[in-house]
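Read the structure below first, then the notes.
The values are calculated or read from the model by the stated rules, or taken from the named source; none is laboratory data. Everything numeric here is computed off the predicted structure, so don't read it as measured data. Here the Cβ positions follow ideal geometry from the backbone for every residue, glycine too, while neighbour counts run over all protein chains shown. Note: areas computed on protein heavy atoms with side chains; ligands, DNA, RNA excluded. Shrake-Rupley method; radii C 1.70, N 1.55, O 1.52, S 1.80 Å.
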Amino acid sequence: MADTTFLDSTELVLNMGPQHPSTHGVLRVILKLDGEKVLGTECIIGYLHRGVEKIAENRTYAQFNPYVDRMDYVAAISNGLGYCLAVEKLLNVEVPARAQAIRVILTELNRIASHLLWLGTHALDIGAITPVFYCLREREEALKIFEKYCGARLTTHAFRIGGLLYETYDGFEQEIIDFCKMFLPHVDEYEELLTNNRIWVGRLKDVGILSGDECKEFGVTGPVLRAAGVKWDLRKAQPYSGYEKYDFEIPTRTNGDTYDRYIVRMEEMRQSVRIMEQAVAAIPEGPIMGKVGKVIKPPVGEAYVSIEAPKGELGYYAVSDGSTQPYRVRVRPPSFVNLQALDRMIRGGLVADVVAVIGTLDIVLGEIDR
Amino acid sequence: MAGLLKKIFLADLFQGLWVTFRNQDPKLIYTERYPEERPKVAERYRGAPRLNINPDNGETLCIACNLCALACPETLIVVTSERNEETKRKELTTFTYDTSRCMFCGLCEDACPVDALELTQDFEMATYTREGQIWDRQTLEEGPRPTQYKC
């Protein structure tokens with residue numbers, strides 16, 4: 001050490017997390033630094049591993065349903081939809097139109113709730129404290145609707161295999177319409193706070209660039225992919241649960257930096273409101289449960305269903321051996337795949353940008369570790 | 001030119017400050033004073049479990065069919081019963097429900113054919129001991145008995 005002078009540069013290895021508040025859970029990132037510059041990163045995951053896929057093998061199909069809510073706990077309803085669709089594909093069951101419409105409404109409401117939590121915490125990471133209060137205020141309204149509909153706010157267990165268990169409560173449609181009306185001005189309000197703010201723009205512009213080709217190489221999906229200019233949304237590409245009936249646009253941007261991902265997510269919230277308005281105006285009458293027996297016993301086979309969750313492509317792969325318990329359930333979580341791009345996005349950047357890039361990926365560790 | 005003037009006069013910052021100013025209206029403040037003000041949870045809320053009794057004669061509604069125990073993903077419900085020789089029917093003896101492992105999914109409630117087991121709107125279930133989380137039949141029927149302190 002005696003020979004080193006202040007002119008020498010030495011590499012520093014720094015542990016970020018697992019308790020760091022900006023890693024959104026228990027992600028540990030090992031940073032290799034040269035001063036403020038990031039030379040490389042390595043992600044250590046698994047702190048929240050609960051063995052959900054193994055649990056599935058010891059539960060019946062219906063019993064596993066509440067566990068999927070606990071993977072991406074910010075968007076529990078999307079997880080439930082993906083799992084239910086996969087088992088319905090195994091069973092070859094048609095879900096009634098009314099159940100499909102209600103599913104779409106709740107999933108889109110959950111997308112808004114998820115994006116609001118992302119926006120609040122992302123802004124908090126960057127240093128803007130105000131948006132998180134406003135975001136959680138609006139998210140509260142969405143969670144209240146969930147609570148009224150299915151009795152839980154976060155880990156909802158809202159859908160059942162074959163349709164829905166709960167019929168809508170009185171005034172459900174009106175509350176959704178009121179929410180849509182109330183929510184759109186609030187999105188403008190967040191944009192007023194952030195979009196033109198010079199600190200926000202300075203911290204996000206040209207940070208964590210990921211081009212469209214790189215996204216495809218990594219398998220990155222969701223808003224990260226769309227911000228890089230690839231127009232890919234599973235709701236349009238392979239419509240499920242009646243999404244082909246609704247008219248909405250896929251917001252895309254071209255630069256693929258953190259600022260573009262912010263813009264894409266803001267626009268997605270507006271599009272979700274559009275879908276909800278269309279769906280709530282035309283909820284068909286009829287039954288809410290398909291023809292599913294009391295004991296769910298799918299024939300031998302396998303099914304893969306992927307849906308567009310708030311964070312990207314969420315896939316469920318279920319294999320049945322003809323018994324009441326799944327032989328294997330594999331989850332393709334969007335956050336897990338998106339996190340792999342972290343190293344490419346941050347290499348050569350600054351330490352302060354690590355927080356911004358982790359925030360912009362919108363990861364949930366419950367889903368990564370499963 | 002307009003862009004430069006906006007930059008000099010901090011237009012973007014004042015735009016944001018105007019939003020925070022608008023939201024200062026005392027009518028928009030959302031504070032719940034929790035212990036004094038009880039939150040009103042939704043009708044379908046899945047909270048503390050309850051074993052319903054027939055209000056007319058005080059007998060339990062449970063028929064000891066064991067369906068809730070089979071439906072539970074965590075297998076935290078244990079039902080025991082014995083056969084009554086006079087009426088030739090199964091009668092409930094004990095019913096334990098381990099709330100510490102419960103994730104309030106509501107599958108037991110759906111499985112119950114006589115609406116005996118129900119998840120209520122009660123949400124305060126904290127105890128000082130782990131054993132206190134395991135509810136027996138009496139607790140399920142009468143509700144938890146929190147420790148009373150003299151003040």
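Values for this structure:
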item: Neighbouring partner chain Cβ atoms per residue of A:194-202, average, 10 Å criterion; result: 3
item: Restricting the range A:289-324 to GluC sites (Glu not before Pro) in coil, as DSSP defines it, with at most 14 other Cβ within 10 Å; result: none
item: Part-to-part distance (alpha-carbon centres) for the range A:192-239 and the range A:107-177, which is given in Å; result: 23 Å
item: Expected-Rg normalisation [2.2 N^0.38 Å, Cα atoms] applied to the protein assembly as shown; result: 1.08
item: Most positive-pole-ward Cα, A:Asn338, A:Val354, A:Leu109, against dipole of the protein assembly as shown from beta carbon charges; result: A:Asn338
item: Placed amide H near A:Arg160: partners under 5 Å, 5+ positions off or other chain; result: A:Leu165
item: Between helix A:97-126 and chain A: long-axis angle, C-alpha atoms, 0 to 90°, nearest 10; result: 20 degrees
item: Straight-distance crosslink candidates among lysines, where the alpha carbon sits under 28 Å from A:Lys148 and sequence neighbours closer than 8 are dropped; result: A:Lys181, A:Lys245, A:Lys291, A:Lys294, A:Lys311, B:Lys27, B:Lys40
item: Estimated FRET transfer efficiency (B:Glu74, B:Asn23; beta-carbon r; R0 35 Å; 0.05); result: 0.20
item: Spatially proximal aspartates and glutamates relative to A:Lys236 (Cα-Cα < 12 Å; intrachain offsets below 8 disregarded); result: A:Glu244, A:Asp247, A:Glu249, A:Glu308
item: Gyration tensor (alpha-carbon) shape descriptor, chain B, a/c threshold 1.5; result: prolate
item: Cα-based reach from B:Lys7 at 23 Å (exclusive), listing lysines while leaving out same-chain residues under 8 positions away; result: A:Lys205
item: Dipole-positive endmost among A:Phe133, A:Gly17, A:Gly82 within the range A:1-134 (Cβ charges, Cα centre); result: A:Gly82
item: Cα centroid separation, the range B:1-39 to the range A:326-370 (Å); result: 32 Å
item: Chymotrypsin sites (Phe, Trp or Tyr not before Pro) within the range B:1-78: DSSP coil, no more than 14 neighbouring Cβ in 10 Å; result: B:Phe9, B:Tyr30
item: Leading residue at positive end of dipole, the protein assembly as shown (Cβ point charges), from A:Gly212, A:Ser306, B:Asn66; result: A:Gly212
item: 0 to 90° range, to nearest 10: angle between helix A:172-194 axis and chain A longest Cα axis; result: 10 degrees
item: Dipole magnitude (debye, nearest 20) for the range A:103-154, charges at Cβ of Lys, Arg, Asp, Glu; result: 180 debye
item: Whole-number accessible area per residue in Å² for the protein assembly as shown, which is evaluated in the context of all protein chains at 1.4 Å; result: 48 Å²
item: B:Arg50 accessible area, 1.4 Å probe, all protein chains in place, Å² to nearest 10; result: 90 Å²
item: Label-point gap, in nm, between B:Ala11 and A:Glu57 - each point 7 angstrom along Cα→Cβ; result: 6.3 nm
item: The range A:166-253: trypsin sites (Lys or Arg not before Pro) in DSSP loop, at most 15 other beta carbons within 10 Å; result: A:Lys205, A:Lys231
item: Helix axis angle, A:76-91 relative to chain A longest principal axis, alpha carbon, degrees; result: 50 degrees
